[in-house]
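Working notes, beginning with the structure itself.
What follows draws every value from the coordinates through simple rules; no lab data is involved. In this text, all values refer to a predicted model and were calculated from it rather than measured experimentally. Here Cβ is always computed from backbone atoms with ideal geometry, including for glycine, and neighbour counts include all displayed protein chains.
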Amino acid sequence: MGRDFLKNKGRKGVRPPVAGSRLKASTPSACLGFTLIELLVVIAIIAILSTLSLGGYTSYRRSTLLKFSAENILSQISQIRSKAFYGDIKSGKKEDIKKALESGESGNIKDPLAVLSDAKCYGIYFEKGADGNFYAYSFSQKFEGRKAWKGDLKGWEYEGCGSFDSNSQDSVQDKLPIELDAMAKIQNISEGNGLFVMRFVPPYGNVEVSTGGDFTGDFSSSSAAKDVRIQIKYGDDENPDYKKNIDFDFVQTNGIIAD
């Protein structure tokens, strides 16, 4: 720097260096970075947040799929009852009922509609498998529209659909499994010992239940079971958050999903 001053000596605007001052060479801006410890801390925080987010998503997904499975069972039961009331798509019963309702003659919807040749009982049954879980199936049965005398207490009643045998094609027709999520399992049924049957009988869709013996259709007595609880769970985890109960009321003929 002194040499540069001597060379420029005499030129205007050139000042000599001040005594005691230090001249700093101009350097490019220094590049700042993270230390290894700082990087490790950031990575650890990201890992923790990712784990928490994944756990929350997994829990939400299980709970949602479990709820969908429970709603599917209720939906199937509702559709099955509708079939018993209206008949299947090939039946003329539904059109007859619609015409009667549209004409204001709903009072004329009487028992003769039930004796159509295609009238059937429709139902759902739950059977315990070798793995200890229950499996659900929908089915139909032939409906006998003739009436028989059942004694002074019951009077004349339809012969109906008769007994139930899941292994007999003469007894059970149109057997189809109720599809659930692959990880959803029916863990328990509050009624029955390995077999529970719920079927709806034309012409009004009245419900009958069986636990492997005779069918019961009168739920007015105090001794009759008025509802059934179907418990489903997701996977093998016993966490109560991954369990749902379906409570079906035979008197009101409806069901609700309860936690």
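What's the exposure ranking of Ile178, Ile186, going from fewest to most Cβ atoms within 10 Å? Please report the intermediate quantities before stating the final value.
Working: Ile178 19, Ile186 23.
Lowest to highest Cβ neighbour count: Ile178, Ile186.
Say the cut-off is 23 Å between C-alpha atoms; which of Lys142/Lys185; Lys83/Lys243; Lys142/Lys175; Lys128/Lys185; Lys128/Lys244; Lys83/Lys150 go over it?
On the way: Lys142/Lys185 30 Å; Lys83/Lys243 30 Å; Lys142/Lys175 13 Å; Lys128/Lys185 11 Å; Lys128/Lys244 18 Å; Lys83/Lys150 26 Å.
In this structure, Lys142/Lys185; Lys83/Lys243; Lys83/Lys150 exceed 23 Å between Cα atoms.
Could you pull out the GluC sites (Glu not before Pro) across region 143-245 that fall in loop regions by DSSP (anything but H, G, I, E, B) with no more than 15 other Cβ atoms inside 10 Å?
On the way: sites: Glu144, Glu157, Glu159, Glu179, Glu191, Glu208, Glu238; in loops: Glu179, Glu191, Glu238.
Here the sparse-neighbourhood loop sites are Glu179, Glu238.
In which sequence would Thr253, Thr51 go, from the one with the fewest C-beta neighbours within 10 Å to the one with the most? Each step should come with its number before you reach the end.
Numbers: Thr253 15, Thr51 10.
Ordered by Cβ neighbours within 10 Å, fewest first: Thr51, Thr253.
Please compute the length gained on full extension between Thr35 and Lys226, using 0.36 nm multiplied by the number of residues separating them and subtracting their Cα-Cα distance.
Values: separation 191, 0.36 × 191 = 68.76 nm, distance 7.00 nm.
The span from Thr35 to Lys226 would gain 61.8 nm if fully extended.
Report the label-to-label distance for Leu54 and Val42 in nanometres (one decimal), using points 7 Å from each Cα along the Cα→Cβ vector.
The modelled label-to-label distance comes out at 2.1 nm.
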